[in-house]
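The values are calculated or read from the model by the stated rules, or taken from the named source; none is laboratory data. Note that the structure is a prediction, hence the values are computed from the model and not measured. Heads up, the Cβs are rebuilt from the backbone with ideal geometry, glycines too, and the neighbour counts pull from every protein chain shown. In case anyone asks, the SASA skips ligands and DNA or RNA and just uses the protein heavy atoms, side chains included. Shrake-Rupley method; radii C 1.70, N 1.55, O 1.52, S 1.80 Å.
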Amino acid sequence: MATTNSQDLIGAGQTALRQGRFAEAEHWLGLALQTAPATAELTFLYGTALAQTGKRAEAVRFLTAALSAAPNDLAIVNNLAAVLRQSGRLDEAERHLRRGLALHPKSPDLLASTGQVLRAQGRSDQAAECANLALKFAPDHAEALVLAGLVLRDHGRPSDAVAYFARAVAARPERAALHVALAEALFAAGRLADGASEYERRWQQTPMPELPAPLWDGGALGQDKTLLLWSDGTASEALRLVRLAYSLHARVGRVVVAAPATLLALLASAPGVDAVVSFGDPFPPFDAHLPIGSLPHRLGLRDDTVPAVTPYLAADSARADRYGALLAGGGFKVGLAWSGDSGLRAPSLAELAPLFAIPNVRFFALDSAAPSAAKAEPADRLVDLSGCLADYADAAAVIGQLDLVIAADGPIAHVTGALNRPGWVMLGRDAHWRWLAGRTDSPWYPSLLLFREAGAGWSGVAQEVANSLTLFGASAQPMPTVDPARAGAYAPFFASGGLKIGLALDGETPLLSDLAPILSRPGLRFYALDRRASIQAARNTYGAQLGDFAIAESSPADAAAIVSHLDLVIAGDNALATTAAALGIPAWIVLPADAPPPRAQGTATWLFRRAFGTDWTGVVEQMDQALVIAGARPQAQAG
């Protein structure tokens, strides 16, 4: 039997639950469990509080225990099913709800919860039936109204959905979560100003952090004042809304952005951001603060004033140089990120299999889930860069060098759009409101194209993306591949000993006469890989053994087969240098003084650049010395 003290604790916990103070409810009810018997009611209350504070695994354990003690209790069945649904355990949730409906077939609570599970399973028509039936029994049932609105949103009818969310708010105006749901419906319908106003009610649902300065009301602070703009949502939202920082300087002198450490370096590149600080570090002095999600409301943003000017973030050139070698070579280069923001539908790597059947496309994994997907069947077509990306500035450095990014709705998609790089975003049927409804473009990101999940699920999205990608793969510079039969046919020409060096000297490169000190070095065999070298060799080989394989210049297949037999290629910035770099054959690239960085990059490249106002003598001396130092075989160094 519970003591007076434990009854007081339970009462305090119940009051806190009703008032939405969930952490406090968890505290009081946890204390009560230490002194009072673990009744079905107390265990149910504590499990409910745990669910509201995000401790879902523990919540399932306590709610399951409560259901064992009271198997016919409608509220326990409903709350347990809700936590199972939120945990992705949809089949278990449905099983509990079906059993509950057998006992309480007219329960609007259970009907609405069943509809939520069915919607999560993609069975939207059945979800709509559940909503309609629940509303028949209880026309003002808030959860059923929300379910009806969500189903309409999923079907691309956000304007119709708004009416249901508005009815839910009218029925239960004290529930902040319903105001947030209405705000999101308004956003999806393109009513940005109305949604932004309603969205401010979220702070009645989640307490705002206590900070040593007032919340900014949108008025002028003065040019000597500092505003702390802090990330209150996902990384995606911070990346999307930081573009608005520049608008703040008409009202405040200095803007400091507080965000997770992985965002800081990239957010610092946004116009209007004067400084960044990581959560957990001391904040600099500030005169007012604002959560970044409130910027559209404070600035009075409307649908026709969305600032779509991109890029507004910038990749760090020094970081970009670090990834150049990893991205070198031909083919159409595609970054892939298949994991989206938490709570949103996203495809698995296996469901994207049609993409990996496209020839001449190279995929680079930008997804933190890449290591765990390493054993999946398409993973052998992926170059996993995720382990190299310490933060989103690293991701930006890679994205800036790719031809395209294909991503689920998550930070990588937003980085791509913010950099104004081409991107295709795969959206689930529960797409976030920021992408609006029924559109294939985004007013926030002009460079992004949207692919939406429909009746065929992710397989339909993957096939649609693959069909579009095929056109780009066909037009890209081919990836060099070595045909074993063709390489075997050339093998006898490279069977003798000595260091085998190919020469491809088109464009502004040294003549064979310039290379005479190298050509005359014993133990080296040379092969002309283009017409310029071949024609010069016909006149004078300068004592070298020089074979004529100029066919490599005009036939990519022969080029790959021939280069695969070489120990080194000395070339200008041309296709043969790119082939060597892509095949991992050391390539020494000779460049004039004013030449841009070469197209051929890789871990096996070494650059030799002529100084201004000089001939090729210095470059040839460097290469000759490098051959001496390397000894019997040249050692490649990334340049």
Here is a list of conditions, (1) within 30 Å of T614 (Cβ to Cβ); (2) open to solvent by 50 Å² or more (accessible area, probe 1.4 Å), and R525 meets all of them except one; can you say which number that is?
(2)
Residue identified as surrounded by 14 or more Cβ atoms within 10 Å (Cβ to Cβ) and not acidic (D, E) among G222, G253
G253
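Conditions tested, residue by residue: (1) surrounded by fewer than 18 Cβ atoms within 10 Å (Cβ to Cβ); (2) within 48 Å of the chain's Cα centre (by Cα).
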site: G488; (1), (2): yes, yes
site: L519; (1), (2): no, no
site: S534; (1), (2): no, no
site: G543; (1), (2): yes, no
site: F549; (1), (2): no, yes
Identify, please: which residue in region 13-29 is small (G, A, S) and crowded, with 19+ Cβ neighbours inside 10 Å and is, among those, nearest to the chain's Cα centre (by Cα)?
A25
So, of the residues in region 587-604 that are farther than 18 Å from D530 by Cβ and surrounded by 20 or more Cβ atoms within 10 Å (Cβ to Cβ), which turns out to be modelled with the highest pLDDT?
A604
Going by the structure shown, is A193 in a helix (DSSP H, G or I), open to solvent by 20 Å² or more (accessible area, probe 1.4 Å), free of Cβ contacts under 8 Å to residues at least 60 places away in the same chain and not hydroxyl-bearing (S, T, Y)?
no
Reported set for region 151-181 where residues are closer than 16 Å to L436 by Cβ and of a type in the set (A, V, I, L, M) is L152, A161, V162
Helices (runs of 4 or more DSSP H) wholly in region 459-566 with at least 1 residues that are in contact (Cβ under 8 Å) with a residue 40 or more places away in the chain - which ones?
484-490, 516-519, 551-554, 556-563
Specify the residue that is nearest to F187 (Cα to Cα); the eligible residues are those in region 290-318 that are outside any loop (DSSP other than H, G, I, E, B) and open to solvent by less than 50 Å² (accessible area, probe 1.4 Å).
P296
Of all residues in region 169-183, count the ones that are open to solvent by 20 Å² or more (accessible area, probe 1.4 Å) and at pLDDT below 90.
3
Considering only region 220-286, give the strands (runs of 3 or more DSSP E) lying wholly within it that have at least 2 residues that are of a type outside the set (A, V, I, L, M, F, W, C).
222-230, 252-259
Can you say whether I570 is in a strand (DSSP E or B), in contact with a strand residue (DSSP E or B) (Cβ under 9 Å, 6 or more places away or on another chain), surrounded by 22 or more Cβ atoms within 10 Å (Cβ to Cβ) and at pLDDT 90 or above, as far as the supplied structure shows?
yes
Scan region 298-321 residue by residue and report those that are among the charged types (D, E, K, R), in contact with a helix residue (DSSP H, G or I) (Cβ under 8 Å, 6 or more places away or on another chain) and either without any contact (Cβ under 8 Å) to a residue 40 or more places away in the chain or more than 17 Å from S269 (Cβ to Cβ) (or both).
R302, D303
Matching residues, region 457-467, being of a type outside the set (D, E, K, R) and either in contact with a helix residue (DSSP H, G or I) (Cβ under 8 Å, 6 or more places away or on another chain) or surrounded by 14 or more Cβ atoms within 10 Å (Cβ to Cβ) (or both)
G457, W458, S459, G460, V461, A462, Q463, V465, A466
Can you find a residue in region 87-102 that is touching a Gly at 6+ places or on another chain (Cβ under 9 Å) and modelled with pLDDT under 90?
no
Could you tell me how many of the residues in region 372-397 are at pLDDT 65 or above and either more than 14 Å from W338 (Cα to Cα) or outside any loop (DSSP other than H, G, I, E, B) (or both)?
16
For region 607-618, state whether one or more residues are part of a helix (DSSP H, G or I) and free of Cβ contacts under 8 Å to residues at least 24 places away in the same chain.
yes
Of the listed residues (S368, S278), the one being open to solvent by 50 Å² or more (accessible area, probe 1.4 Å), of a type outside the set (K, R) and without any contact (Cβ under 8 Å) to a residue 60 or more places away in the chain is S368
Residues being at pLDDT below 85 and among the polar types (S, T, N, Q): count how many of those fall in region 8-34.
1
Of residues in region 42-65 being without any contact (Cβ under 8 Å) to a residue 24 or more places away in the chain and surrounded by 20 or more Cβ atoms within 10 Å (Cβ to Cβ), the one nearest to V77 (Cα to Cα):
L63
Looking at (1) open to solvent by less than 20 Å² (accessible area, probe 1.4 Å); (2) over 22 Å from P411 (Cα atoms); (3) in contact with an Asp or Glu (Cβ under 8 Å, 6 or more places away or on another chain), can you tell me which one S236 breaks?
(2)
